[in-house]
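Down below is the structure, laid out as structure tokens.
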Amino acid sequence: MRLSELKTGERGVVVKVLGHGGFRKRIVEMGFIKGKVVEVILNAPLKDPIKYKILGYEISLRRKEAGMIEIISEQEIADQQAITTDYHGSFNIERPLREEELKSVALGKRRTINVALVGNPNCGKTSLFNIASGAHEHVGNYSGVTVDAKEGFFDFQGYRFKIVDLPGTYSLSAYTPEEIYVRKHIIEETPDVIINVVDASNLERNLYLTTQLIDMNVRMVIALNMYDELESSGNKLDYRLLSKLFGVPMVPTVCKRNLGIDHLFHLVINLYEGADFFNKKGEINKEVLKELQDWHRSNVNEAEHEEHMEEYVQADKPRQKVFRHIHINHGPEIEKGIEYIKAEISKNEEIRHLYSTRYLSIKLLENDREVTRFINSLPNAEEILTIKEKAAKKIQLAMNEDSESAIMNAKYGFISGALKETYIDNQLEKDQMTKVLDTIVTHKIWGYPIFILFMWIMFQGTFTLGAYPMAGIEWLVDQLRHLVQNTMAAGPLKDMLIDGIIGGVGGVIVFLPNILLLYFFISLMEDSGYMARAAFIMDKIMHKMGLHGKSFIPLVMGFGCNVPAILASRTIENKKSRLITMLVNPLMSCSARLPIYLLLVGAFFPNNASFILLSIYVTGIALAVIIARLFSKLLIKGEDTPFVMELPPYRMPTMKAILSHTWEKGGQYLRKMGGVIMIASIIIWFLGYYPNHNSYNSPAEQQEHSYIGQIGKAIEPALKPLGYDWKLGIGLISGVGAKELVVSTLGVLYTNDAGATKTTLAERIPINATAAYSFMLFVLIYFPCIATLAAIKQESGTWKWALFAALYTTALAWVIAFSFYQIGNIIL
């Protein structure tokens, strides 16, 4: 609970002080140290401030400030401990809790550390999260993999870590949704320690975000990730000196090999427990020092432990501590403006528990719209903004550039100066390799055929390599069907197992190898860095579509699944491009449609399977281009933004990471088999089995008069011009829930005996090759699944666009399929 919740006369013990460093330092100096007992002297409901007693002194705090101090109340401790003294076995009388007992419980509660991971895209932040928490989030070598915060927990050296993986962002401005989200989390959730993950091979760009975190005055440790790449390149970095210059502990790490991670979290504990308890002479509080030393002896193998200058457990070396709050020097004119604005903002004492006033002043000079909106809510907003305008004009006159650019240049100047003292660039061999490869794969002419070649290899591998394990799974499903057929007594239950569950789920699960292969190839392109190059070469085409170069990443992700692809569109800063990307993403053929294609391609186009499969995907891309262009011109208004996207260095993907991601997607596919697809298959079987199952002469006659037959007959007139019968229509309806259901539905409708296989299923579908291709086109385009519509609603903020996506895709599917079928029959 928070200190502000205690009532008059109640006691509690301080667990931790939240908020930015300046606020924490002031509160700690007032005596609110971890483990200290605090008593409420006066806490009237409508009065502010509140009077407390701590360390023998009476201290007043505002209610908001008290709300930033986490405590455990005496009553909570008593309830937990249930300490009673039994007199003669007949009376239980509560024994007053001693301060030592209160402190012990509070310090135990303090052993949970909230950590936030902050860093640029591609810095290895999600890899660190996966290693630390044991989670299996996908790691991609391009911007926008992490589009939402993920939480994980793990225990280390006597502490419980709650670790939050925040979206990758290049800065803390209010330019993108990621930047606003990360900044809001840091301010409102006030993590105990921030781990700023930095790509050691690209320090200058990554450290810009670090300077902004320093402005926020947060407790922070820097993970110099991919340090092996820096070392293998021949470059050298004196990271200890760089740590001192930035006032932030820095730890070399290699997340993909689990190197430096223990050291990193060891220092997080040190920082969390010790950083706020130094006086002006650099001396640490003796009680705090003893607790740190006791923890170190109990939880750290000191015989194997290296001495680190960032630790606070060395009583004789307190001045060696690295962590100190520095002010990035932006130059005399900017600093003068910051101080003037800060003085006026500081008159609002009620905001200082959450915000560093220096940070607000800097963001105001950067014309940050979110901070400006917040400043406008303050009583003296007019005075603050007047001072800001004067300061900005002086900076413009003195430096011949606007204040936002001047601050950015000053930060990069600080970074450049620090790196000149600490970083030696000896060679650029790896950069040269990247440049050579980029001259080929991003070439204005050769880049496109190379991309098409990679796509063809992906589909060829998916179809050809997947055929062998597919045949094995099909054989296993067939054996299971025979087993049930030969061992169970006749009846509805047996029919449901054979025709409903085995026929439905078994008809889809055979395509698992193809799904795994598709994700394997996508992961390979993502992790190697090629996907970002593909976005780069497609930028020109994207802009002609009325989209942004960054739109290409979500569109390609749509080949895997449209849902995460739509979520990934958050990385697109421009609202117009973001919305259009979401609306055309369903035209990217997701892996759920692949079983339908493989079923029909194998039956009707066995000699040109790869080409036919590629043509379906290319058709989806072409339609996305055309529709996006139409939407950009006619439906959604707004200005385009320039293409700004990082091209990360090429990296050799680790087989472990690729296989882990591939199997994770396979696991999701299998869970879907045992969940929605099995339930839907049973429902479809039920609708096709009843009513009056035994009253007809043949299975075909019975199905035609069943519930599902009646539904199919009702919609058949709309589908007859496309070459489909009512069973294919029912298959399409079932695909609204999940596209995999189309195959399982057709399996239930077209197979009525135990000998049915994927091959015989395809043979029983009464259509020609033209209708088969028309059906694949319809499946490619029509009604996105429910999960995709929900994702569009979530990202657009309204059901209007989700329903529009459902209507326009279905109408477009009918027109395209009708045109192809009718023209194809005339030509052929």
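A few remarks follow.
- Pairs beyond 20 Å (Cα-Cα), from Lys444/Lys633; Lys64/Lys109; Lys125/Lys576; Lys336/Lys411; Lys236/Lys420: Lys444/Lys633; Lys64/Lys109; Lys125/Lys576
- With semi-axes defined as the square roots of five times the eigenvalues of the C-alpha gyration tensor, the equivalent ellipsoid of the chain measures 57, 34, 26 Å, largest first.
- Each residue, Ser298 and Lys7, gets one label point 7 Å from its Cα in the Cβ direction; the gap between the two is 3.4 nm.
- Between Lys236 and Lys184, the C-beta separation translates, for a Förster distance of 41 Å, into a calculated FRET efficiency of about 0.60.
- Look at Tyr773, Tyr170, Tyr808 and count the other Cβ atoms within 10 Å of each Cβ; fewest to most, that gives Tyr808, Tyr170, Tyr773.
- Cα extents for region 111-320 along the principal axes, largest to smallest and rounded to whole angstrom: 46, 42, 33.
- Relative contact order of the chain, defined on C-alpha pairs under 8 angstrom at six or more residues apart (%): 10 percent
- Computed from backbone phi, the HN-Hα couplings of region 238-248 come to 8, 5, 5, 5, 4, 4, 5, 5, 8, x, 9 Hz, rounded to whole numbers (Karplus: 6.51 cos²θ - 1.76 cosθ + 1.60, θ = phi - 60°; Gly and Pro given as x).
- Distance in nm between pseudo-label sites at Leu480 and Phe686 (7 Å out along the Cβ direction from Cα): 2.1 nm
- Whole-Hz ³J(HN,Hα) from phi, Karplus 6.51 cos²θ - 1.76 cosθ + 1.60, for region 329-336, glycine and proline x: 7, 8, x, x, 5, 5, 4, 4
- Value at 222 nm in deg cm²/dmol, rounded to 500, when DSSP H runs of n ≥ 4 in the chain each add -39,500 (n - 2.57): -17000 deg cm²/dmol
- Additional length obtainable on full extension of the chain from Ser416 to Phe156, 0.36 nm per residue less Cα span: 90.0 nm
- Only beta bridges with both residues in the chain are counted; by DSSP, about 60 percent of them are antiparallel.
- Shown is the FRET efficiency for Thr487 and Leu670, computed with R0 = 22 Å from the Cβ-Cβ distance and rounded to the nearest 0.05: 0.30.
- Anisotropy class of region 279-408 from Cα gyration tensor, a/c 1.5 cut: prolate
- Converting phi to 3J(HN,Hα) with the Karplus coefficients 6.51, -1.76 and 1.60 and the offset θ = phi - 60°, region 802-816 yields 5, 5, 4, 4, 5, 6, 5, 5, 5, 5, 5, 4, 5, 5, 5 Hz in sequence order, with x at every glycine or proline.
- Ranked by how many other Cβ atoms sit within 10 Å of their own Cβ, fewest first, the residues Lys720, Lys494, Lys25, Lys444 fall in the order Lys444, Lys720, Lys494, Lys25.
- Val743, Val563 arranged by Cβ crowding within 10 Å, fewest neighbours leading: Val563, Val743
Just so you know, all these numbers are worked out from the coordinates, no wet-lab data involved. Bear in mind that the values here come from a model prediction, so they are computed numbers and not experimental data. Every residue, glycine among them, receives a Cβ derived from its backbone with ideal geometry; neighbour counts consider all protein chains shown.
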